[in-house]
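> Have a look at this one.
The values are calculated or read from the model by the stated rules, or taken from the named source; none is laboratory data. Worth saying up front: this structure is predicted, and the values here are computed from it rather than measured. Heads up, the Cβs are rebuilt from the backbone with ideal geometry, glycines too, and the neighbour counts pull from every protein chain shown. Areas reflect the complete protein model, heavy atoms only, side chains present, ligands, DNA and RNA absent. Shrake-Rupley method; radii C 1.70, N 1.55, O 1.52, S 1.80 Å.
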Amino acid sequence: MTQFGSAELVSDYEDFGRPQALREALLQSPPGGPRLFLSPDGRYLLVWLGPPRRLLSFLHLPASPPPPQPGDYLEHSWPAASPPLVGLLFPQSPGQAWTMALVWENGRAEVWAPPRGPSDPSWTLLRSVELCQGPRARVVSACCCHGDELLWCEERTTANLLTYCLCRRSLRVSGRRVTPGAMTIVLHHSPPYHVLESAGRVFMVPRATTASGCHPVLVYAPAEALVTLTGLAAGVLHSKALGEADADYKKLILECAGAAADFEIRHAAAAGPRGLLVATAAGRIHLLHRDGTARHVYDLGENLGASAQIKMAVSGDTLVCAVDSCLYLVDVRSGRLAVKQALDAGEVLLIDAPEGGEDVWLMTKVGVYKVGRGGVKSGMAESALLDMVYEEACKYYQRRSLSSAKLTAQSLKENGMFQAPIALAAILCRKSDVGKYAELLGNIDNELQSFLSLDRLKSRAAGAPRPDVARCCDELVDLELTRLLQADPDRDGLAYINSLFHIFPKAAWASVRNNFQFQQNGDGKLVVRATADLWKKVLSPLPPSASQNGLLPLFEVICQSLCTHKPKWLPGFVQHAQECSGLYRNFTTTTKEHGEGAPPLYKRALSVLNKRKDNTNVELEVEILLCSGRPQAIIQAIHTLIRLQRWPRVMGETRRYSQLNPLIKKDIFITLLVEFVQHRQLDSYVPQLCDLCPEDLTATDILRIVLQNIPKMQTVPPPFSADGGKHFTMGLLKPLLNKALQRQFRRDESFPTFPPAAPQRTNKAAGNGEDLSPLDIYATKAL
């Protein structure tokens, strides 16, 4: 993972023309800040001041700038009575230079051209175009798509009803001439959408002013006229090529009914070629790709209120996110947090990275900040690397030493006791052999970076003021746990992990959540994106003699943390661990006695749950047993539900798992039959009970079970008792016995005896039985 330094103020707007005017415009902007845009060629910074209704441009000066001309600066304002500005776009026709289009709420678009040289020394208004056809139409949002084409969401009033549609129109520029194309409607009857262009696609995001949880995100490919419905949790829901006949949003939604999104989008921003960044109200950041697939990137761990100002962008492989004045730098590929820093600059206004640059640049109201990718000076790297070599050698030799004397790095250096660390240090210090040992240096570069970051953080925590100590400790715990999870498991490391979780439970949980990439899908279920190496460490047994010191394995440690902070995720974690346990069964080098006879993972999780003093969550215990997939555990879970008399769920879980294993089906059926005999709460579930009857169970077996479990009564009840007929009668078992008899009769017909049995005699003189079939006679006799 890339290492970053702290954000540093590097410029007070000296890189822009009229720096004093830029500073005043940013400082005098109302709450919420202005909106800032960079021109496609990077020469102009445009500042859009909303309430003052002004648009200013500032020239971005190169290293050796020519003197700026007065025409380089645009100052455009409009009266308060005019419609508000809803979009600032940069359409670009093929073979032509870029232009700027201002789109107003009433559908009017102004096309401006920047200074081009002596012939065009200043900003020029080329043409005003009416985008909408109706006089009562209103533009909600707009963006550029497919070069010089504009796409916007338009509000129309029809019969006193507000409807929305997505429209598209080209603005072809040739020199100083602007030729508008015909307007086409992409979608009718759509909800209000906020449109954004990124990665050659138009992302249509439900506006926050509506019930955004009812509408999915649309990804529109202008060249193919293809629209994809997607969600952050479910991914791609539906995809369809649009034509004039089927450009209706209602019909499009009907084709994927029941797939409405269940998230509230708080902010969305373009992410260049990667797609679209989306932040939910719960503080979760997702990346929507151009094909409609979604991936969770990072969880800010805090709810984003309506007043929070959010800015997001991607610089290389780094997600840059600013929430008010707090800066987050996250590795997009792994989701790991690299930097979290509070800037002494108020709100972050603009996030942008120069083309080809490796650093992250931030614009704030007080100046331009730079966050550099951390490098290590050669002298510091060499010294730190040698210290790390000797410290690791001390640990290695101390474990194998028969002497009680304490080994130190200084004793290894001075006495020359062991040649391996001295030889390695000599190799690393030889400047002429850098190329020869480049592979070795590359292999230990990550450990070196981690070692130096940890050392700097410890120094900062030691001298930090009291309010910052807690934050430094959280970062320190995160770095330490990350380092320990990357190293090979041993007794000392496991003891250190146990102590960190005991002393810093919240910080340790946050670190584990980041390392294992715990995520929650739309159904509320846990998704774990941990690497194979992390699973190997979780599933590894205790090192020898570790249990004697009261240490818990890593699996139990994580289960304890889940019980405290996210108990609903514990069954999902156990299920993921069991799925991976078969893949990594033989990954350790421990002896057989440490791997054989170990309890299954669900029992280990239950032991952690049962040790808690406030363990009253029986539902959690049932979920762990069901997620295990073991027949005996499933039977135990359903027996627990029977004890709690959760009859609807008992029937549902039995129907679900009885198809997987006949042992489960037979055990649960007999248990339910006993319950059915002893009380009347299962009378309404007789059809389900009949369906659960095993194939090999006969009517005689059922009657035997019933007779053995009929509750004994103290006195003989009168014919008309006062309890409302709550006693058990054999008539209640008639559907079940009929089904068992019919099944047995069919089985006897399929396998006839030789010679055939003599027909059963019937007493016709008795009457009332002359019209009985053989099956009914058999059933009557059995009863």
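> Net charge within 12 Å of K413 by Cβ-Cβ distance, Lys/Arg positive one each and Asp/Glu negative one each, not counting K413 itself?
Working: positive: none; negative: D387, E391, E414.
Local net charge: -3.
> Can you give the FRET efficiency to the nearest 0.05 for K603 and D701, using r as the Cβ-Cβ distance and R₀ = 35 Å?
Values: r = 33 Å, r/R0 = 0.93.
Step by step, r from the Cβ atoms, then E = 0.60.
> Taking the simple approach of a point 7 Å from Cα along Cα-to-Cβ for both D248 and R43, what is their distance in nm?
Between D248 and R43, the simple spin-label model gives 5.0 nm.
> Go through 390-403, 7-20 and give me the packing order, highest mean Cβ count within 10 Å leading. List each step's numbers first, then the result.
Numbers: 390-403: 13.1, 7-20: 15.4.
With the highest mean Cβ count within 10 Å placed first, the list reads 7-20, 390-403.
> Near Q20, within a Cβ-to-Cβ distance under 15 Å, what is the net charge of the other residues, with Lys and Arg +1 and Asp and Glu -1?
Numbers: positive: R18, R23, K365; negative: D12, E14, D15, E24, E75.
In short, -2.
> Here is a further query. Nearest 0.05, what FRET efficiency do S403 and Q486 give at R0 = 41 Å with Cβ-Cβ as r?
Values: r = 31 Å, r/R0 = 0.75.
In this case the efficiency is close to 0.85.
> Of the trypsin sites (Lys or Arg not before Pro) in region 87-177, which ones lie in a loop per DSSP and count no more than 15 other C-beta atoms within 10 Å? Intermediate results must be reported in sequence, preceding the final value.
Numbers: sites: R108, R116, R127, R136, R138, R156, R168, R169, R172, R176, R177; in loops: R116, R136, R176.
Those satisfying the criteria are R116, R136, R176.
> Right, something else. Using the Cβ atoms and a cut-off under 10 Å, what net charge is assigned to the surroundings of T280, where Lys and Arg are +1 and Asp and Glu are -1? If you can, show how the numbers build up before the last one.
Details: positive: R266, R284; negative: E264, D299.
Charge balance in the 10 Å sphere: 0.
> Then there is this: Need the full-extension length gain, H238 to A461, defined as separation in residues times 0.36 nm minus the C-alpha distance. One decimal, nm.
Values: separation 223, 0.36 × 223 = 80.28 nm, distance 5.12 nm.
The H238-A461 span can extend by a further 75.2 nm.
> Follow-up. Pop a pseudo-label 7 angstrom from the Cα along the beta-carbon direction at both D523 and T293 and give the gap in nm to one decimal.
2.0 nm
> Also, I was wondering about something else. At 1.4 Å probe size, with every protein chain present, just tell me what the per residue accessible area of region 104-161 comes to in Å². Don't skip to the answer; put the middle values down first.
Working: 2630 Å² over 58 residues.
Here the per-residue accessible area is 45 Å².
> What's the center-to-center distance, using Cα atoms, between region 85-110 and region 649-699 in Å?
Each part reduced to its Cα centre gives a spacing of 69 Å.
> Test of understanding: what is the full-extension gain from A470 to D344, defined as 0.36 nm times their sequence separation minus their Cα-Cα distance? Please report the intermediate quantities before stating the final value.
Numbers: separation 126, 0.36 × 126 = 45.36 nm, distance 1.87 nm.
Stretched out fully, the A470 to D344 stretch lengthens by 43.5 nm.
> Compute the distance from the alpha-carbon center of region 144-200 to that of region 37-62, in whole Å.
Distance between centres, Cα-based: 24 Å.
> Report ³J(HN,Hα) in whole Hz for each residue of region 553-562, in order, from the Karplus equation J = 6.51 cos²θ - 1.76 cosθ + 1.60 where θ = phi - 60°; Gly and Pro get x.
Working through the residues one at a time gives x, 4, 4, 5, 5, 5, 4, 4, 5, 5 Hz.
> Could you tell me what percent of the accessible area of region 61-151 is made up of carbon and sulfur, with a 1.4 Å probe and every protein chain present? Could you put the intermediate results ahead of the total?
Numbers: 2280 of 4190 Å².
Roughly 54 percent, rounded to a whole number.
> Moving on. Given the Cα-Cα distance of H188 and K413 and 0.36 nm per residue of separation, how much length would full extension add, in nm?
Details: separation 225, 0.36 × 225 = 81.00 nm, distance 7.82 nm.
Taking H188 through K413 to full extension adds about 73.2 nm, to one decimal.
> Further question: Using amide H atoms built in the peptide plane, which far-off residues or other-chain residues are under 5 Å from R284 H to H?
L300
> Next question. Using the heavy atoms of the protein chains alone and a 1.4 angstrom probe, what is the accessible area of region 458-505 per residue in square angstrom? Display every interim value, and only then the final one.
Values: 2890 Å² over 48 residues.
Heavy-atom SASA per residue in region 458-505 reads 60 Å².
> Still on this model: List the pairs from K603/K739; K311/K566; K340/K506; K611/K666; K406/K537 whose alpha-carbon separation is above 27 Å, in the order I gave them. Let's see the in-between values first.
Details: K603/K739 39 Å; K311/K566 29 Å; K340/K506 17 Å; K611/K666 33 Å; K406/K537 29 Å.
Over 27 Å apart, Cα to Cα: K603/K739; K311/K566; K611/K666; K406/K537.
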